[in-house]
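Read through the structure below, which is laid out as structure tokens, and then see the notes.
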2 protein chains.
Amino acid sequence: MERYINEGQPVGSRSLSRDAGLNLSPATIRNVMADLEDLGLITSPHTSAGRMPTASGYRLFIDTLLTVKPLQQDVIQQLRDDLDCLGSPGELLETASRLLSEVTHMAGIVTLPKRETNVFSHIEFLPLSDRRLLVILISSQQEIHNKIIHTPRDFTHSELQAAANFLNQRYAGNDIARVREALLREVKETRERLSQEVIDAAALTELALEAPKKRRKPVFVTGETNLMDFSELANMEQFRSLFETLHQKEEMAHLLDRCIESPGVKIYIGEESGHRALGQCSLVTSAYSINDRVAGVLGVIGPTRMEYERVIPLVDLTAKLVGAALNHKSLPPI
Amino acid sequence: MERYINEGQPVGSRSLSRDAGLNLSPATIRNVMADLEDLGLITSPHTSAGRMPTASGYRLFIDTLLTVKPLQQDVIQQLRDDLDCLGSPGELLETASRLLSEVTHMAGIVTLPKRETNVFSHIEFLPLSDRRLLVILISSQQEIHNKIIHTPRDFTHSELQAAANFLNQRYAGNDIARVREALLREVKETRERLSQEVIDAAALTELALEAPKKRRKPVFVTGETNLMDFSELANMEQFRSLFETLHQKEEMAHLLDRCIESPGVKIYIGEESGHRALGQCSLVTSAYSINDRVAGVLGVIGPTRMEYERVIPLVDLTAKLVGAALNHKSLPPI
DNA sequence: TCCGGCGCTCTCCGCCCTAGAGTGCCAATT
DNA sequence: AATTGGCACTCTAGGGCGGAGAGCGCCGGA
């Protein structure tokens, strides 16, 4: 395994006997290799070539034989520095992806924090002109959404102020989706008794809270070009489909969502990911958590033949640092 | 030229005589080709191959022989629909880039509007916690900037309100850079006579206006993978350097800035762009204008051998539509 | 359980050869 | 003067061939 991961060429009995320091003759190694082949752990591309690991070979290797190497101090420091304190979660995660790809010389991939648990924290309305309105919505995840909405009529500055105050006082701290529901229900039930203010606020908020789901880009991929360095991926056709797969954000989001159940590092080898184009690739991921709840996933995509013992701790640490950075700055209510 | 652009193979006298409908024998064509080669307009990759255009050949062709084809109605409609009314200029331009790449099956590239002419329109401060402050800055270009700044001390809600009011009343409509300068000057000159409010507002604004320049990503590139379809670019090494060049945003920004002087379509052929990696590529660009002032550039990157007669009108129209969309929605003061 | 040896099988690489397309030049024709 | 046909030459792409190198399976022996 180690040899193949380093060289990328099928490994033969003779050269292994010579270089691996096992003090075994080629013949012995051949016998063992034949057994391993029967077990489906290794395979040879053609009759008289050396052996290379199969997917299950990798699986066994990673699950039972691998001992991870501790990260180098300077890498740890770089991660800490760069992931310390950045503006939005989006920027933070983009940085994380970039770091992953730079350190591993492979591709980094991240999903943004899940929106489900998004808590309404503060809203602000600014009138523009022509029945248009700038809505600024702050969620507890440090996220700031700007949105321009078209309103059925013009509102005065003070009307908007009043609506914002109403919403902020009444609903801060609740889940955004719930706020919407509650507002709808309340208006429906007690329409006649409500002041125009409340009804207007409801209409506005309805518009304001509606869209942010579909706007978000769920996935960042970085450093795809690094993958061109790997000889086993180096033909155009394969590469093209790989790139296209990587850029199908929704597909990738699905794939990564499958890693989200529990924290800790997960590894998909080759077609375990369910994508043809990733047949020669592995995906090393880890979920990151905010407030002890799994929020998103980040990881590395590279050739199956990658240095897992280095990549695994790196992904692990990055996920932890991202989690910490996001945790630390969840916003107290305004 | 037409033949080479279609086929991508050097064109020989014999096949040209056969297929081009010129009623000339190969020998005649050879003679003419020899002349053209002496003029430096065509060249052959090796002794007994056909001829292909040089950069100056393309230049001459584009400048004097080319007749553009009108765009197909459905393309025009698609552009109009998709570029009609989108949120921020950033989104609009990203869409433009995507459209360019989809329609041409090449790569689209855009720069965001220049920030220089950015007019201060409205500012708002929201206190977060821990001496942190959310600044919402609206410029006349419909752009909304969010920024979190760390302040030297905590401010109360009403202090912030006062500061914002001061700034909005006093400086709305001025260039952002000028606002900064004016504020600095004023505070310096008349420090003792100013209320604490003004000084605080100055400090805040100083912080608030400082960063947005460097945060922006100056360039979007879309559809790079489309370029993999072109056989003349289809080797890994070349491709890699092409991709890397395309992703060096600053480099690309520089390159595109050179097209910004005047509106209208500009074309860079091969190494005219000054980039080795773009030797096999052409860049078709057009500047777009907001309020009759050139604001940014958009265009298409593809193989030198591209269908200029289709690409040119497409880039032209896209630039005009983007300009119109941005123009239309410059914000009146709040 | 390990090893040495033997015959066999692949791939890779360099070499040669041929077919095909194109060239340059020259003399002949219109 | 423009055009053409003819001829010898050149270069590439692609197929076939053969040797070198690496590896394999199997078998008999320690």
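The values are calculated or read from the model by the stated rules, or taken from the named source; none is laboratory data. The structure displayed is predicted, hence computed values, not measured ones. Positions of Cβ are backbone-derived with ideal geometry, glycine not excepted, and every protein chain shown enters the neighbour counts.
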Does residue B:76 satisfy the condition of being within 13 Å of DNA strand D (Cβ to nearest atom) and β-branched (Val, Ile, Thr)?
no
If you go through region A:117-127 one residue at a time, do you hit one that is modelled with pLDDT under 85, within 30 Å of residue A:162 (Cβ to Cβ) and of a type in the set (Asp, Glu)?
yes
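Every residue in region B:146-164 that is surrounded by fewer than 16 Cβ atoms within 10 Å (Cβ to Cβ) and closer than 15 Å to residue B:199 by Cβ, please. Give the steps one after another, and end with the answer.
Just the residues of region B:146-164 that are surrounded by fewer than 16 Cβ atoms within 10 Å (Cβ to Cβ), to begin with: B:150, B:152-154, B:156-158, B:161.
Within region B:146-164, B:152, B:153 meet the criteria.
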Apart from one, (1) out of contact with any Phe, Trp or Tyr (no Cβ under 8 Å at 6 or more places or on another chain); (2) assigned to a helix (DSSP H, G or I); (3) surrounded by fewer than 18 Cβ atoms within 10 Å (Cβ to Cβ) all hold for residue A:58; the odd one out is (3)
Of the residues in region A:1-14 that are away from DNA strand C (no atom under 14 Å from the Cβ) and of a type outside the set (D, E, K, R), the one that is surrounded by the fewest Cβ atoms within 10 Å (Cβ to Cβ) is A:6
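Take the residues of region B:19-57 that are of a type in the set (D, E, K, R) and within 24 Å of residue B:309 (Cβ to Cβ): which is farthest from DNA strand C (Cβ to nearest atom)?
Of the residues in region B:19-57, the ones of a type in the set (D, E, K, R) are B:19, B:30, B:35, B:37-38, B:51.
If we keep only those that are within 24 Å of residue B:309 (Cβ to Cβ) too, we end up with B:19, B:51.
Values: B:19: 10, B:51: 5 Å.
Applying the filter and picking the extreme gives B:19.
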| message | Would you confirm whether or not region A:260-281 contains a residue that is at pLDDT 90 or above and under 15 Å from residue A:93 (Cβ atoms)? | response | no
Note on region B:228-267: residues of a type in the set (A, V, I, L, M), over 18 Å from the mean Cα position of the chain (by Cα) and under 25 Å from residue B:59 (Cα atoms) are B:228, B:233, B:234
The residue from B:251, B:232 that alone is of a type in the set (Asp, Glu) and farther than 25 Å from residue B:89 by Cβ is B:232
Of the residues in region B:7-54, those that are assigned to a loop (DSSP other than H, G, I, E, B) and on the phi < 0 side of the Ramachandran plot number 17
Going through region A:38-73 in order, the residues found to be within 13 Å of DNA strand D (Cβ to nearest atom) and touching a Lys or Arg at 6+ places or on another chain (Cβ under 7 Å) are A:42, A:43, A:44
Report task. Scan region B:244-252 and give yes if some residue there is assigned to a strand (DSSP E or B) and within 12 Å of chain A (Cβ to nearest Cβ), otherwise no. Result -> no
Subset of region A:121-145, residues facing another protein chain (nearest Cβ under 10 Å), closer than 18 Å to residue A:179 by Cα and either touching a strand residue (DSSP E or B) at 6+ places or on another chain (Cβ under 6 Å) or surrounded by fewer than 18 Cβ atoms within 10 Å (Cβ to Cβ) (or both), comes to A:121, A:122, A:124, A:136, A:138, A:144, A:145
Picked from region A:91-116 (must be away from every other protein chain (no Cβ under 11 Å) and surrounded by fewer than 19 Cβ atoms within 10 Å (Cβ to Cβ)), the residue modelled with the lowest pLDDT is A:116
